[in-house]
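The values are calculated or read from the model by the stated rules, or taken from the named source; none is laboratory data. Since the model is a prediction, treat every value here as computed from it, not as a measurement. Note that each Cβ is placed from the backbone with ideal geometry, even for glycine, and that neighbours are counted across all protein chains shown. Heavy atoms of the whole protein, side chains included, go into the accessibility calculation; ligands, DNA and RNA do not. Shrake-Rupley method; radii C 1.70, N 1.55, O 1.52, S 1.80 Å.
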Amino acid sequence: MALACSDIHVELREVKLSDMPAAMLQKSPKATVPVLVLADGQVIDESLDVMHWSLSQSDPQHWLDIDAATRQLIRRSDRDFKPLLDRYKYADRHPELSQLEHRQRAQVFVAELDCLLAGQPFLSGHCRRLADVAIFPFIRQFAGVDAGWFEHCEYAALRQWLQTMLADDLFQRVMQKHPFWRPGDAAVYL
């Protein structure tokens, strides 16, 4: 979303995570997405770093205009919440706790977001900013683990925010499906 917001045109290569093309693994052996390869060959392979780079080039909607508390919220989302989310999503790989117990641990952060959103439409206030775009994919995944539970859980403000983010034109545009990329395919641009 940040690349699109910044109006940065990039070649898009949709990949299947279980069948990463060798060309991509050469650029980023981590075998994760996203991977942004700049014109000078520099590789950026962390989502938040891609967002920061993109918005440092052009930030027409002022997504980087956030305070220290919001920057800390983004860091905690990446550092603390994401591992809990992964344990909840893949509870069978983490049998030390049940899926419910993993969810309950993740809910501490989810409840904090819901509390923030109870008094404002976005995590940073009245406008979408970097925090919304950085945290949104994690909440989308969290909601999808048990969609029936999430639809009826106590986090009404978070659910409304998630629906707003999902319905956003920018999100809809960048989430268009593309065929998986293979070497030799015609270029597709975002």
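Table for the structure above
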{"read-out": "Residues of the stretch 134-168 with amide N under 19 Å of a point placed 7 Å along Cα→Cβ from Val188", "value": "none"}
{"read-out": "Prolate/oblate/rounded label for the stretch 1-107 (Cα gyration tensor, a/c 1.5)", "value": "oblate"}
{"read-out": "Simple label model, 7 Å out from Cα along Cβ direction - Ala118 to Asp59, nm", "value": "3.0 nm"}
{"read-out": "Alpha carbon centroid spacing (whole Å) that separates the stretch 11-30 from the stretch 100-178", "value": "28 Å"}
{"read-out": "Dimensionless Rg over Rh [the chain; C-alpha; Kirkwood]", "value": "0.97"}
{"read-out": "Lysine pair count for the chain [Cα-Cα under 19 Å; pairs on different chains or 8 or more apart]", "value": "5"}
{"read-out": "Apportionment of accessible area to carbon and sulfur, the stretch 11-169, percent (1.4 Å)", "value": "50 percent"}
{"read-out": "Debye-sum result for the stretch 109-172 in log10 I(q)/I(0), which assumes one identical scatterer on each alpha carbon, at q = 0.17, 0.21 Å⁻¹", "value": "-0.52, -0.81"}
{"read-out": "Environment charge at Pro95 (Cβ cut-off 12 Å; Lys +1, Arg +1, Asp -1, Glu -1)", "value": "-1"}
{"read-out": "The stretch 1-86: trypsin sites (Lys or Arg not before Pro) falling in loop per DSSP and having at most 16 other Cβ within 10 Å", "value": "Lys16, Lys30"}
{"read-out": "The stretch 77-190: Rg to Rh, with Rh as the Kirkwood radius over Cα pairs", "value": "1.04"}
{"read-out": "Per residue solvent-accessible surface (Å²) - the stretch 17-99, probe of 1.4 Å", "value": "60 Å²"}
{"read-out": "Two-decimal ratio, the stretch 17-75, of alpha-carbon radius of gyration to 2.2 N^0.38 Å", "value": "1.37"}
{"read-out": "In Hz, Karplus ³J(HN,Hα) per residue of the stretch 105-113 (6.51, -1.76, 1.60; θ = phi - 60°; x = Gly, Pro)", "value": "5, 5, 5, 4, 5, 4, 5, 5, 5"}
{"read-out": "Backbone HN-Hα couplings from phi across the stretch 167-176 [Karplus 6.51/-1.76/1.60, Hz, Gly and Pro as x]", "value": "7, 4, 4, 4, 4, 4, 5, 6, 8, 4"}
{"read-out": "Size of electric dipole in the chain: Cβ of Lys, Arg +1 and of Asp, Glu -1, about Cα centre, debye, nearest 20", "value": "300 debye"}
{"read-out": "3J(HN,Hα) from dihedral phi, the stretch 180-190, Karplus parametrisation 6.51/-1.76/1.60, rounded to Hz, x for glycine, proline", "value": "4, 7, 9, x, x, 5, 5, 5, 10, 10, 8"}
{"read-out": "Cβ-defined net charge surrounding Pro34, 13 Å radius [Lys, Arg +1; Asp, Glu -1]", "value": "-2"}
{"read-out": "Sequence-distant residues sharing a close amide H with Val188 (under 5 Å, placed H)", "value": "Leu12"}
